[in-house]
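Student: A single structure is presented below for examination.
The values are calculated or read from the model by the stated rules, or taken from the named source; none is laboratory data. Just so you know, these numbers come straight off a predicted model, no measurement behind them. As a convention, Cβ positions derive from the backbone with ideal geometry for all residues, glycine included, and neighbour counts pool all protein chains shown.
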Amino acid sequence: MVLLSRDLLFSNPKGMKLSFLRRLFHFSGIVIPITYLLLGKNPALALTTTILVLLASAEFLRIILSLDSPFLRKHLKEKEMKNPTGSVPYMLSCLLVILLFDRLTAVASILVLVLSDPAASIIGSCLGRHRLLGKSVQGTTAFFLCSVVVLTFFPFGIAARLGAAIAATLAEFFSSRFIDDNLTIPLATAVVLTILAR
């Protein structure tokens, strides 16, 4: 996750609009855990698979066939112009946790991604004055605290909730351009919840 600087966020209207729209798109992923909770596993799988196929197709057309979209181009980061965005690993991780883990574990893991990642971005952009290994300490702290709050609403033990929040935070912190945190955060959260909830 690349954090925008405070100066860029507040002095550059285009940067602020870009940041807001990207976070809004990220947050829209909440429809998947809500679908799982309200309608069950099969509708959630159908929705996630459909979105994944559509996004993967759009990325293929954009990158491999060089089909240009002025609207999309305005909302991409520079490094994403000729490289995949995080949208495909985002949906892939949702699909995997729904397939591999029980309902509450999958929902909790997806919600950690949907809510904690934007929270880290917002706090890191506004207050991130200290950096460690390229990440904002304030943003990482916000990610951890938001993850703890999210997991508090689920019937896991304290050790499982804290362990999963730590695992998710480490997955976000050590992400790189080779390993997308949209893929690793839900999987790390779900694995630790499953192990520590036994």
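Student: Could you give me the residue pairs with C-beta distances under 9 Å whose first residue belongs to region 83-107 and is among the β-branched types (Val, Ile, Thr), whose second residue is exposed (fewer than 15 other Cβ atoms within 10 Å of the Cβ) and outside any helix (DSSP H, G or I) wherever it lies, and which are 6+ apart or on separate chains?
Tutor: Going by the 9 Å Cβ cut-off, the qualifying pairs are THR85/LYS77.
Student: Report whether or not ARG177 is charged (D, E, K, R) and at pLDDT 95 or above. Show your work before the answer.
Tutor: On the way: charged (D, E, K, R): yes; at pLDDT 95 or above: no.
Taking the combined requirement at face value, the residue does not satisfy it.
Student: Have a look at LEU127, LEU162 and point out the one that is at pLDDT below 85, of a type outside the set (S, T, N, Q) and more than 18 Å from the chain's Cα centre (by Cα).
Tutor: Details: LEU162 fails: at pLDDT below 85.
So the residue among LEU127, LEU162 that is at pLDDT below 85, of a type outside the set (S, T, N, Q) and more than 18 Å from the chain's Cα centre (by Cα) is LEU127.
Student: Only one residue in VAL88, VAL112 is under 15 Å from the mean Cα position of the chain (by Cα), at pLDDT below 95 and within 16 Å of THR184 (Cβ to Cβ). Which one?
Tutor: VAL88
Student: Further, regarding this structure: Looking at LEU61, is it more than 21 Å from the chain's Cα centre (by Cα), over 26 Å from ALA108 (Cβ atoms), among the aliphatic types (A, V, I, L, M) and modelled with pLDDT of 75 or more? Steps first, answer last, please.
Tutor: Details: more than 21 Å from the chain's Cα centre (by Cα): yes; over 26 Å from ALA108 (Cβ atoms): yes; among the aliphatic types (A, V, I, L, M): yes; modelled with pLDDT of 75 or more: yes.
When the stated conditions are applied, LEU61 passes them.
Student: Is it the case, given these coordinates, that ALA165 is in contact with a Phe, Trp or Tyr (Cβ under 7 Å, 6 or more places away or on another chain) and either closer than 20 Å to LEU95 by Cβ or buried (at least 20 other Cβ atoms within 10 Å of the Cβ) (or both)? Steps first, answer last, please.
Tutor: Working: in contact with a Phe, Trp or Tyr (Cβ under 7 Å, 6 or more places away or on another chain): yes; either closer than 20 Å to LEU95 by Cβ or buried (at least 20 other Cβ atoms within 10 Å of the Cβ) (or both): yes.
Yes.
Student: Next up: Working only within region 132-156, note down all residues that are at pLDDT 90 or above and of a type outside the set (Val, Ile, Thr).
Tutor: ALA142, PHE143, PHE144, LEU145, CYS146, SER147, LEU151, PHE153, PHE154, PRO155, PHE156
Student: Test THR152 against the criterion of being free of Cβ contacts under 8 Å to residues at least 60 places away in the same chain and of a type outside the set (A, V, I, L, M), and give yes or no.
Tutor: Details: free of Cβ contacts under 8 Å to residues at least 60 places away in the same chain: yes; of a type outside the set (A, V, I, L, M): yes.
It is true that THR152 is free of Cβ contacts under 8 Å to residues at least 60 places away in the same chain and of a type outside the set (A, V, I, L, M).
Student: Hey, could you check region 170-198 for residues that are free of Cβ contacts under 8 Å to residues at least 40 places away in the same chain and either within 15 Å of GLY86 (Cα to Cα) or hydroxyl-bearing (Ser, Thr, Tyr) (or both) and say which is surrounded by the fewest Cβ atoms within 10 Å (Cβ to Cβ)?
Tutor: The residue in question is PHE178.
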